[in-house]
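Remarks on the structure that follows.
Bear in mind that the values in this text are calculations on the coordinates, not laboratory data. None of these values were measured; they are calculated from a predicted model. Note that we place each Cβ from the backbone using ideal geometry, even for glycine, and neighbour counts take in every protein chain shown.
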2 protein chains.
Amino acid sequence: MKPLRHFADDLANAIERVGNPVLVGLDPRWELLPGALNPGENANFEQRGQAFEKFCCQIIDVVAPLVAAVKPQVAFFEECGPAGMVALGKVIAYARQAGLLVILDGKRNDIGSTAEAYARGILGRDGQSAWEADAVTVSPYLGADSLEPFINVAEERGAGLFVLVKTSNPGSHMLQDQRLPDGPVYRRVADFVEKQSELTLGERGYGIVGAVVGATYPEQLAELRNAMPQTWFLVPGFGSQGGTAQDVASAFDGRGLGALVNNSRGINFAYRRPEYQERFGEARWQEAVEAATREMIAQLRAETLAGQIKLPFSPA
Amino acid sequence: MKPLRHFADDLANAIERVGNPVLVGLDPRWELLPGALNPGENANFEQRGQAFEKFCCQIIDVVAPLVAAVKPQVAFFEECGPAGMVALGKVIAYARQAGLLVILDGKRNDIGSTAEAYARGILGRDGQSAWEADAVTVSPYLGADSLEPFINVAEERGAGLFVLVKTSNPGSHMLQDQRLPDGPVYRRVADFVEKQSELTLGERGYGIVGAVVGATYPEQLAELRNAMPQTWFLVPGFGSQGGTAQDVASAFDGRGLGALVNNSRGINFAYRRPEYQERFGEARWQEAVEAATREMIAQLRAETLAGQIKLPFSPA
């Protein structure tokens, strides 16, 4: 039976609705939480988990009218043990109820039926899974039979995935850039992903198997856009990691679709950025979140005006 | 300050104490749980989580006197959402209290400070972390700066890690076996791991950075043992996946150290194996767990008698 939803179509429609491709990462870094939410260094894991839940839900309150999707980073929740995972479950549910698509950043992977357990647990709304995310990030080192279970479950449930292809960190050189006879390692993964996207195409021309491609390597981003015309990109590395609106321009197709540009720290902890510190201070951290989100949208719109990005909206 | 514990030494000592290198995987697969523990298809996640906890703790009761370590597979717990993660926390604590080393099979990875959050959350006993595992499995696709935070936290806390090098699944061919100018991709990872183990050596000649190398590729196992004399191996693929005692013989050093041989399904669900089904039946599933564990130990001892493996014990 064909599922009622198609993740790649949902994503295109949501981006057109809000008129921008910003993906807000949810990275509750304990040591950076604003004072009002931070129960102190001696807080136990339950208190930390509760603070994470509040912090992320209050970010969602601000960004839900502005963007299409959020990306909770599992690591920070998992750091707080079971209590953190309870908080993560609540944050995902809250984001969904706020009308956002939820991409769980877990970089999960395993083989065969174990990979299937991850996929079954994470992917699919409306009681189809325990976590009820719309998509998950997946690492490809284990190979095709570690990715296929995620693809199969996603297809069955109207969900999606993003496979690490060329990541934003300097260490991505160690394996991803190494040269095989027919090109770098990341191209081997890219070819697999594009083929799988072709096999799961929606009505908007994209498949449900996306790729993570960093903003910090603009040349590879452009190369991969050409090589993967049917694959959604999740582009990390914007902002704190140094990627600019110009760097990500080549990630988009002629309609301004095809890429989500993520910003986590620069939005979550905008109140600590010099330009917002004085203007808002720690107490008004939510206003800093809003300003930083709007600023990123404006930066991408400026590239649109410059003709570098065709976004699916008329620049204000 | 030098930590009081050293994971690689702890592992060597524990294996010598029990006299075998068997690692019991804890894979609570919902659909295979014995009837008495299985609250039925319509059970909610809390009931499933509780069943997983009981099942794993009852396995631990049986195997704690026999083996050195257990390896909970996070995927099956995570499949049950937050309730599953609560159960995982209890299972880890129970295993620790039973005197076992705990290797968390999460295949986690991320970059920089996010990888550090995983490491800080998972690694280290005695209140050093939320999960309090002794080691974790880690995936290397993101490169050196995704592995170093795990190594640093492990070193600081007397813990360890196992990096995926050459895995047991057929799909491992897709990336791991691909040929770079100086050898296959997995050798690139192997060289990094061996170097890191050299930098973190304990008194028994091994470092804290281990490698996952599958039993299903005996040639590569032998090749990597030679190339990585200071690295502990975690060897999956024994039993259900087809690996035999003979296949893993080359994973050991001259003292019978250097490798943990994992068996998950073949021990957890031994009551379903033809040879135990009639003898024990579903109700006596714990006796089947014990018989299967003892059988695997005996198989490895038989290889010892044949001179293929030097185990650190005198064969009974």
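Working from the Cα coordinates of segment B:190-282, the gyration tensor eigenvalues give, after taking √(5λ), semi-axes of 31, 13, 10 Å in decreasing order.
Work the Kirkwood hydrodynamic radius out for segment A:49-200: mean of 1/r over every pair of different alpha-carbon atoms, inverted, in Å. Over segment A:49-200, the inverse of the mean reciprocal pair distance is 16.4 Å. Between copies, the label points at B:Glu156 (set 7 angstrom from Cα along Cα-to-Cβ) are spaced 4.1 nm, reported in nanometres from shortest to longest.
Relative intensity of segment B:1-57 on a log10 scale, I(q)/I(0) at q = 0.29 Å⁻¹, equals -1.15, per a Debye sum over C-alpha point scatterers of equal strength in the absence of solvent. In this structure, the pairs whose alpha-carbon distance is over 28 Å, taken from A:Lys166/B:Lys90; A:Lys90/B:Lys54; A:Lys90/B:Lys166; B:Lys90/B:Lys166; A:Lys195/B:Lys195, are A:Lys166/B:Lys90; A:Lys90/B:Lys166; B:Lys90/B:Lys166; A:Lys195/B:Lys195. Calculated on C-alpha atoms, the gyration radius of segment B:128-278 divided by its Kirkwood radius gives an Rg/Rh of 0.99. Estimated translational diffusion coefficient (Stokes-Einstein, Kirkwood radius over Cα pairs, 37 °C, 0.692 mPa s) of the protein assembly as shown: 132 µm² per second. Taking each DSSP H run with n ≥ 4 as -39500 (n - 2.57) and averaging over every residue of chain B yields -13500 deg cm²/dmol at 222 nm. Which whole number in µm²/s is D for segment B:144-227 by Stokes-Einstein, with the Kirkwood Rh taken over Cα pairs at 37 °C and 0.692 mPa s? For the chosen part, D equals 245 µm²/s. A cut-off under 9 angstrom between Cβ atoms defines the neighbours of A:Leu180, and their net charge, with Lys, Arg +1 and Asp, Glu -1, is +3. Here r is the Cβ-Cβ distance between B:Leu180 and A:Asn226 and R0 is 35 Å; the resulting FRET efficiency, rounded to 0.05, is 0.90.
Taking a Cβ cut-off of under 15 Å around A:Gly210, the surrounding Lys, Arg, Asp and Glu residues balance to a net charge of -2, with basic ones at +1 and acidic ones at -1. Computed over the alpha-carbon pairs of segment B:1-119, the distance histogram in 10 Å steps reads 13, 38, 32, 15, 2, 0 percent, short to long.
For segment B:36-62 versus segment A:121-197, the spacing of their alpha-carbon centroids is 31 Å. If the elastic network links every pair of Cα atoms under 10 Å, which of B:Pro34, B:Pro149, B:Pro181 fluctuates the most in the Gaussian network model of chain B? Maximum among the listed residues: B:Pro181.
Principal semi-axes of the equivalent ellipsoid, √(5λ) from the alpha carbon gyration tensor of segment B:7-305, are 29, 23, 18 Å from largest down.
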